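Asker: The following block contains the structure, expressed as structure tokens.
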Amino acid sequence: YKFTSTSKISFPGSGIAALAASENNVAEIKKQLSIQTIGFDKVNQLRHVRFFKNLDGIKEQMRKHADILRPKFELVEKILEENLKGFAEWTKPNGGYFILLKTKGCAKEVVARCLKAGVKLTEAGATHPYHIDPENSYIRIAPSYPSLSELKTATEVLVNAVKIETLLKNQY
């Protein structure tokens, strides 16, 4: 199976999805879908076709997204690189909407400390099933929404929270 969606490309939660699979798998999925949904939102499908027109239209929209998101991801990565070496690890995504930050067993404490300082992060462990991170290490950073100046301040708060909580746990 291969799945894709325009949800993060066009309008979150209202995109259209596509599936590529063998003929047998498609037949099985059609049987399941026939009893799971009354009908597809054909007006929304038409809206997407008219907006994107073709694959080149989707690629152009993704280039526009990249132009907006690239500076934000570069800013976060720069601040993390300059301040958190030895304190944490993080992904350097090539596309996507998140950076995964791995702390040294203090994710919940970092998120709580950031909240006290006025920075709302995604719940610690949100990357795990049922939000249960047995290592208490993972924080998903979503740099797409804030402005660059807000993102700079928020990332600086995050960096300081990681350092403080790591040192409090004597894990540095």
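Asker: Would you please calculate the Kirkwood hydrodynamic radius of the stretch 107-158 over all C-alpha pairs and express it in Å, rounded to one decimal? Kindly include the intermediate steps, with their values, before the conclusion.
Answerer: Values: mean 1/r = 0.0874 Å⁻¹.
In the stretch 107-158 this quantity evaluates to 11.4 Å.
Asker: Count neighbours as other Cβ atoms within 10 Å of each site's Cβ, and list the trypsin sites (Lys or Arg not before Pro) in the stretch 94-136 that are DSSP loop with at most 10 such neighbours.
Answerer: Sparse-neighbourhood loop trypsin sites (Lys or Arg not before Pro): 120.
Asker: Moving to a separate point now. Determine, from the Cβ-Cβ distance of residue 117 and residue 67 and an R0 of 22 Å, the FRET efficiency 1/(1 + (r/R0)^6), rounded to the nearest 0.05.
Answerer: The computed FRET efficiency comes out at 0.10.
Asker: Using helices alone, what [θ] at 222 nm do you get for the chain, with -39,500 (n - 2.57) per DSSP H run of 4 or more residues, divided over all residues and rounded to the nearest 500?
Answerer: Mean residue ellipticity at 222 nm (helix-derived): -16500 deg cm²/dmol.
Asker: Hey, if you put +1 on the Cβ of every Lys and Arg and -1 on every Asp and Glu Cβ in the stretch 69-168, which of 117, 96, 160 ends up farthest toward the positive end of that dipole?
Answerer: 117
Asker: Sticking with this structure for a sec: Let me check against my output: what whole-number percent is the relative contact order of the stretch 69-168, with C-alpha pairs under 8 Å and at least 6 apart?
Answerer: For the stretch 69-168, the relative contact order is 35 percent.
Asker: Over the stretch 2-52, what is the mean sequence separation of C-alpha contacts under 8 Å (at least six apart), divided by residue count, expressed as relative contact order in percent?
Answerer: RCO, the stretch 2-52: 31 percent.
Asker: For residue 72, list the aspartates and glutamates whose Cα falls under 12 Å from its own Cα; do not include residues on the same chain fewer than 8 positions away.
Answerer: Once the sequence-local aspartates and glutamates are set aside, what remains near residue 72 is 150.
Asker: When Rg and Dmax of the Cα atoms in Å is calculated directly from the model, which label among (1) 20.1, 57; (2) 21.4, 69; (3) 15.2, 47 fits?
Answerer: The calculated read-out lines up with (1).
Asker: I would also like to ask the following. Based on Cα coordinates alone, diagonalise the gyration tensor for the stretch 2-52, multiply each eigenvalue by 5, take square roots, and list the semi-axes in whole Å, largest first.
Answerer: Each semi-axis is the square root of five times an eigenvalue, giving 22, 14, 9 Å.
Asker: A further question follows. If I take every Cα pair under 8 Å that is 6 or more residues apart in the chain, average their sequence separation and divide by the length, what percent do I get for the relative contact order?
Answerer: Relative contact order of the chain: 19 percent.
Asker: Please identify the chymotrypsin sites (Phe, Trp or Tyr not before Pro) of the stretch 19-73 that satisfy two criteria: DSSP loop assignment and at most 16 other Cβ atoms within 10 Å. Which are they?
Answerer: Numbers: sites: 40, 51, 52, 73; in loops: 40.
The qualifying sites are 40.
Asker: Beyond a 29 Å Cα-Cα separation, which of these cross-linked pairs lie in this structure: 78/120; 2/163; 85/116; 85/152; 2/31; 59/102?
Answerer: Over 29 Å apart, Cα to Cα: 2/163; 59/102.
Asker: While we're on this one: Rounded to the nearest 0.05, what FRET efficiency do residue 149 and residue 44 have when you use their Cβ-Cβ distance and R0 = 45 Å?
Answerer: Calculated transfer efficiency: 0.80.
Here, each number is a calculation from the coordinates, and none is a lab measurement. What you see is a predicted model; the values in this text were computed from it and never measured. As a convention, Cβ positions derive from the backbone with ideal geometry for all residues, glycine included, and neighbour counts pool all protein chains shown.
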